[in-house]
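> Structure in structure tokens, see below.
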Amino acid sequence: MEATQNATVVKMAHLQKSFGDNEVLKDISLTIHKGETVVVLGKSGSGKSVLIKCMVRLLDVDEGKVSILGSDIFSLNRKELNLLRMKIGFLFQGAALYDSLTVRENLEFPLRQSGKPREEIDALVMEVLQSVGLEDAVDLMPSELSGGMRKRIGLARSMILKPEIMLYDEPTTGLDPITAKEISNLILEVQKKYNTTSIIITHDIQCARITANRMLILNNGVFVAEGAFDELKKSEDKLVHSFFE
Amino acid sequence: MSKPVLNKMTEPLLLSKSKRDAVTLKNKNDTLKGMKAFFTEVTSLTFFTGRFFKELFQPPYEFNELVKQAYLIGNKSFYLVAITGFIMGLVLTIQSAPTLSQFGAESWLPAMVAVSIIREIGPVITALICAGKVGSGIGAELASMKVTEQIDAMEVSGANPFKYLVVTRVVAATLMIPVLVIFSDAISLGGAFMGVNITGDVSFSLFFSQVVEAVDFADVFPAFIKTFFFGFIIGLVACYKGYHSNKGTEGVGAAANAAVVMASLLVFIIDMIAVQFTNLLINY
């Protein structure tokens with residue numbers, strides 16, 4: 001059991017990414033083990049979202065390697081990449097719900113080509129909706145949902161394939177403090193229920209406090225600090241300290 | 001002595017040689033940049049078209065989305081196409097009647113209007129309306145999906161957004177625009193019948209028999225075939241502009257606008273090629 005929990009799930013080595021002359025990621029190396037919840041904290045424009053997008057090959061890197069569940073994602077062909085992506089859930093900043101589809105159709109979307117029978121798909125939809133507490137929203141359109149509800153449905157959609165890894169891109173951005181806390185607690189619940197490995201990109205210190213096993217601080221394209229929430233809170237480094245003020 | 005008035009036309013003539021050289025160099029650089037942008041766009045669109053044909057024949061197929069898009073394109077454009085088609089037939093007839101009557105050829109009016117509508121005006125006007133209605137709709141929809149990361153979300157869920165969004169819309173436009181053109185032609189002929197009866201008195205059976213007599217296979221078939229190309233180019237350009245949009249919400253408007261302009265221009269170019277090709281075949 002201990003060995004399984006210590007298995008390396010994500011390994012990034014010397015990652016570099018630039019947009020023109022702008023070096024966004026300079027030399028990123030990171031190893032994440034199964035069951036961990038790692039929070040990457042950083043200011044706006046520090047490269048957090050670029051980092052998480054490189055992890056699922058939404059962006060290509062200039063240098064370095066990313067290994068997810070033992071596969072080097074930049075050497076996979078399209079079919080292999082899609083199979084790997086089905087083991088990864090991704091909650092986007094704005095939830096990225098498909099505007100023209102109902103909540104039910106949004107949730108069913110990742111299952112379209114799975115060949116599962118109708119009853120099983122319906123059961124999965126209701127299961128993930130119950131997990132996020134929004135069973136009644138099943139037939140609503142995304143435009144009828146509040147910001148917090150959209151995030152919950154986005155989370156439900158990313159959970160429907162029972163992924164081994166969950167990536168959260170600014171899960172609490174744009175929400176009021178109460179809803180932000182609810183979403184942070186929900187992330188924690190989901191992590192416990194499905195035993196996923198989670199990587200959360202945020203600048204919300206409350207979200208980090210609730211969810212993180214381990215925190216990393218990204219600044220100017222490099223990790224400048226790493227540790228548990230309480231360790232970093234005690235740091236005397238000016239930049240690290242500024243996040244806790 | 002009063003100071004000479006400078007404007008943009010006279011100013012360069014009064015510049016020193018070094019300044020004139022700088023202006024010339026800037027103009028050359030702008031031209032080169034424009035040419036580079038044009039060839040980059042053409043290359044990118046060519047690769048996009050290549051990917052479309054590659055994905056078109058590879059399973060899995062998105063039949064449900066194809067049917068939905070075909071319904072949306074056909075149903076949502078039908079009334080617009082019907083109204084414009086009717087007006088087109090009516091106006092063409094009313095405008096042509098005085099000229100034909102000067103030559104004592106009023107009886108040729110149904111035949112002349114029918115050939116004009118079926119060969120040229122019906123397909124081109126309907127395609128232009130669809131370039132505006134369908135092209136802007138698809139361009140804005142895909143651009144908005146791109147900006148709000150919905151396309152990225154499809155990609156990371158293991159789906160193929162190109163197949164789901166692009167292939168279905170291009171095929172739907174290719175299949176539905178010919179259908180809309182057929183409707184438009186029929187309604188235009190209805191408008192023409194009304195136009196003929198404003199100035200004269202022609203029964204429907206006489207009007208219909210004159211139309212059928214005037215129009216032959218060489219009029220209908222090439223005109224029908226080119227509508228598939230119109231549909232294809234409208235769908236393809238709209239998807240291309242939407243799929244490659246950027247610059248946030250500003251990019252959504254720009255994508256919709258560019259989709260309409262480029263698709264309309266390409267409709268005319270395809271029409272010109274189709275006419276030349278048809279003439280060559282007929283003469284051969």
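We did not get these values from a lab; they are worked out from the coordinates using the rules stated. Since we're looking at a predicted model, the values are computed, not measured. Please note: Cβ atoms are built from the backbone with ideal geometry, for glycine as well, and neighbour counts cover all protein chains shown.
> Size of chain A along its principal axes in angstrom, Cα-based, largest extent first?
For chain A, the Cα extents along the three principal axes come out at 53, 44, 43 Å.
> Could you compute Rg(Cα) / (2.2 N^0.38 Å) for chain B, with N its residue count?
Dividing the Cα radius of gyration by 2.2 N^0.38 Å gives 1.30.
> Longer than 20 Å from Cα to Cα, which of A:Lys53/B:Lys33; A:Lys11/A:Lys181; A:Lys11/A:Lys34 are they? Say none if no pair is.
From A:Lys53/B:Lys33; A:Lys11/A:Lys181; A:Lys11/A:Lys34, over 20 Å: A:Lys53/B:Lys33; A:Lys11/A:Lys181.
> Further question on the same structure: As I understand it, the dipole of segment B:61-283 uses +1 on the Cβ of Lys and Arg and -1 on the Cβ of Asp and Glu, about the Cα centre. Which of B:Leu66, B:Ala255, B:Leu236 lies farthest toward its positive end?
Farthest towards the positive end: B:Ala255.
> Here's another thing I want to ask about it. May I ask for the angle, rounded to the nearest 10°, between helix A:118-131 and the longest principal axis of chain A, with both axes built from Cα atoms and the value confined to 0 to 90°?
Helix A:118-131 sits roughly 50 degrees off the main axis of chain A.
> Here is a further query. What is the helix-to-structure angle for B:248-283, meaning the angle in degrees between its Cα long axis and the longest Cα principal axis of chain B, kept from 0 to 90 and rounded to the nearest 10?
Once rounded, the angle reads 50 degrees.
> Right, here's the next one. Can you give the charge dipole size of chain A about its Cα centre, rounded to the nearest 20 debye, using +1 on the beta carbon of Lys and Arg and -1 on the beta carbon of Asp and Glu?
My answer is approximately 400 debye.
> Within the set of other residues whose C-beta is less than 14 Å from the C-beta of B:Phe193, count the net charge using Lys and Arg as +1 and Asp and Glu as -1.
Summing Lys and Arg as +1 and Asp and Glu as -1 gives -2.
> Label-point separation (nm) for A:Glu245 and B:Lys28, each offset 7 Å from Cα along Cα-to-Cβ?
Between A:Glu245 and B:Lys28, the simple spin-label model gives 5.5 nm.
> Ok, one more. Exactly which chymotrypsin sites (Phe, Trp or Tyr not before Pro) in segment B:80-159 are in a DSSP loop and have at most 13 other Cβ atoms within 10 Å?
Qualifying residues, ordered by number: B:Phe103.
> What nm distance separates the two modelled labels at A:Glu135 and A:Asp237, each placed 7 Å from Cα along Cα→Cβ?
Calculated label separation equals 4.7 nm.
> Right, here's the next one. Net charge near B:Ala172: determine it from the other residues with C-beta under 15 Å of the C-beta of B:Ala172, scoring Lys and Arg +1 and Asp and Glu -1.
That sum, taken over residues with Cβ under 15 Å, equals +1.
> What's the FRET efficiency of A:Thr31 with A:Leu101 using the Cβ-Cβ distance as r and R₀ = 35 Å, to the nearest 0.05?
After rounding, the FRET efficiency stands at 0.40.
> So what's the net charge close to B:Asn64: Lys and Arg +1, Asp and Glu -1, counting the other residues with Cβ under 12 Å from its Cβ?
-2
> Restricting to DSSP H runs of at least four residues, report the calculated mean residue ellipticity at 222 nm for the protein assembly as shown, -39500 (n - 2.57) per run over all residues, nearest 500 deg cm²/dmol.
-19500 deg cm²/dmol
> Please identify every one of the GluC sites (Glu not before Pro) in segment A:186-237 that sits in a loop by DSSP and has no more than 15 other beta carbons within 10 Å of its own beta carbon.
Answer in residue order: A:Glu236.
> What is the Cα centroid distance between segment B:200-258 and segment A:75-114, reported in whole angstrom?
35
> Same structure again: Would you compute the Debye intensity of the protein assembly as shown from its alpha-carbon atoms alone, equal scatterers and no solvent, and pass along log10 I(q)/I(0) at q = 0.09, 0.12 Å⁻¹ to two decimals?
Cα-only, vacuum Debye calculation for the protein assembly as shown: -0.81, -1.11.
> Mark the label point 7 Å from the Cα of A:Lys43 along Cα→Cβ and return the residues of segment A:207-231 whose backbone N is within less than 18 Å of it.
A:216-226
> Specify the angular offset, from 0 to 90 degrees and rounded to the nearest 10, of the alpha carbon long axis of helix B:63-102 from the longest principal axis of the alpha carbons in chain B.
The two axes meet at around 60 degrees.
> Taking the Cα centre of the protein assembly as shown as origin, sum charge times position over the Cβ atoms of Lys and Arg (+1) and Asp and Glu (-1), and report the length of that vector in debye to the nearest 20.
For this selection, approximately 1360 debye.
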